Amino acid sequence: MPGTTRVEIRTLKVGRYCCVDDRAYKINSISTSKPGKHGSAKARIELVDIFTGAKISHVGSVSSSINVPLIEKGTALVTHVDGSEVHAMNMRDHSMMILPLEEEMDIEGGKEIMWMEALGLYKIMRDH
């Protein structure tokens with residue numbers, strides 16, 4: 001999957017990110033079981049989708065691999081808001097970007113925002 005890297009489940013930590021079914025999730029909790037008579041140790045991971053907020057759980061062997069998204073974060077200057085889209089200029093390379101509007105945030109032209117991108121999807125994390 002482009003935009004990801006693979007790691008063993010045993011190396012994951014709470015607060016980090018992983019991918020399940022081509023979606024990016026934040027890890028809320030991890031619990032592991034001891035190896036038993038019928039196989040290796042298992043890990044149960046409680047996850048929250050970083051774009052929709054949907055909660056899921058994933059169970060897998062601690063020695064198996066899982067995708068981890070390559071997340072890019074940055075700041076941008078809002079040029080204007082057009083309906084449900086926020087048009088902003090990336091502060092790193094001065095390119096224009098179009099982000100989805102977050103209803104609970106106070107976003108208007110001339111303000112600075114923080115954004116994140118994972119698996120080709122964008123989200124506004126914070127308005128300054």
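The values are calculated or read from the model by the stated rules, or taken from the named source; none is laboratory data. Keep in mind that this is a model prediction, so the values were computed, not measured. Backbone-built Cβ (ideal geometry, glycine too); neighbour counts: all protein chains shown.
Scan segment 29-45 for residues that are part of a loop (DSSP other than H, G, I, E, B) and surrounded by 11 or more Cβ atoms within 10 Å (Cβ to Cβ) and the total you get is 4.
Each row is one residue, and each column tells you yes or no for (1) at pLDDT below 90; (2) in contact with a Pro (Cβ under 8 Å, 6 or more places away or on another chain); (3) part of a loop (DSSP other than H, G, I, E, B); (4) β-branched (Val, Ile, Thr).
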{"position": "68", "(1), (2), (3), (4)": "no, no, no, yes"}
{"position": "73", "(1), (2), (3), (4)": "no, no, no, no"}
{"position": "77", "(1), (2), (3), (4)": "no, no, no, no"}
{"position": "94", "(1), (2), (3), (4)": "no, no, yes, no"}
{"position": "116", "(1), (2), (3), (4)": "no, no, no, no"}
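Mind checking which residues of segment 1-15 are closer than 21 Å to residue 41 by Cα and surrounded by fewer than 15 Cβ atoms within 10 Å (Cβ to Cβ)? Reasoning before the result, please.
Within segment 1-15, the subset closer than 21 Å to residue 41 by Cα is 6-14.
Result: 6, 7, 8, 10, 11, 13, 14.
Suppose we filter 59, 48 for residues that are under 16 Å from residue 8 (Cα atoms) and either in contact with a Ser or Thr (Cβ under 9 Å, 6 or more places away or on another chain) or not in a loop (DSSP other than H, G, I, E, B) (or both); which single one remains?
Values: 48 fails: under 16 Å from residue 8 (Cα atoms).
Criteria check complete, one pass: 59.
Take residue 57 and tell me if it is over 30 Å from residue 91 (Cβ atoms), touching a residue at least 40 places away in the same chain (Cβ under 8 Å) and among the polar types (S, T, N, Q). It is false that residue 57 is over 30 Å from residue 91 (Cβ atoms), touching a residue at least 40 places away in the same chain (Cβ under 8 Å) and among the polar types (S, T, N, Q).
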